[in-house]
Amino acid sequence: MRDDIWLKKRMDNIWELLFPEISRLNNVNIRFKGKWKNKFGHIMKKTKDTEIVINGLFKELKVPEYIIDITIAHELVHYAHGFNSPLPRLHKHPHKGGVVTKELTKRGFGHLLRKEKVFTKKEWLGMYKSLKP
């Protein structure tokens, strides 16, 4: 089973390799939390720190790592665009006009976006039912 230490290393690696020009202007904490059917993650500002939360069901090894990676990258795009981070806000709305998808594609995540779409449509509901107590 995965834990928060594994998750932090994963985020640090993704940030270092694929978001190197995005400065960390505050502490960015990441952890597993919740057991959601319709949400893979979110980002929020807590006092001066930023917190990224990844669906707690993703601790299970049957959830593919690429789902966690694309979820982390998605939240890092929000951080880079100034949502729940000290960086200047680049857009009025976080998803307007597909800005997250465009940014992820530009950063080399296009193939994972396609895999995530298939996973969400064909596998996630059954997996969710088997993981949710």
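From the list Val99, Val63, the lone residue that is assigned to a helix (DSSP H, G or I), surrounded by 12 or more Cβ atoms within 10 Å (Cβ to Cβ) and not charged (D, E, K, R) is Val99.
Residues of the range 48-82 that are charged (D, E, K, R) and in contact with a Leu (Cβ under 8 Å, 6 or more places away or on another chain): Glu60, Lys62, Asp69. Across the range 66-102, what is the number of residues that are farther than 15 Å from Phe40 by Cα and either touching a residue at least 24 places away in the same chain (Cβ under 8 Å) or touching an Asp or Glu at 6+ places or on another chain (Cβ under 7 Å) (or both)? Final tally of qualifying residues: 7.
Only one entry in Lys115, Lys37, Lys45 is of a type in the set (D, E, K, R), assigned to a strand (DSSP E or B) and out of contact with any strand residue (DSSP E or B) (no Cβ under 7 Å at 6 or more places or on another chain), namely Lys45.
Just the residues that are among the aliphatic types (A, V, I, L, M) and surrounded by fewer than 14 Cβ atoms within 10 Å (Cβ to Cβ), please, taken from the range 81-96. Spell out how you get there, then give the answer.
From the range 81-96, those among the aliphatic types (A, V, I, L, M) are 87, 90; that's our starting set.
Listed by number, the list holds a single entry, Leu90.
A short reminder: the numbers here are calculations on the coordinates, not readings from a lab. On a predicted model such as this, the values are computed, not experimentally measured, just so you know. Methodologically, a virtual Cβ is constructed for each residue, glycine included, from the backbone with ideal geometry; neighbour enumeration extends over all protein chains shown.
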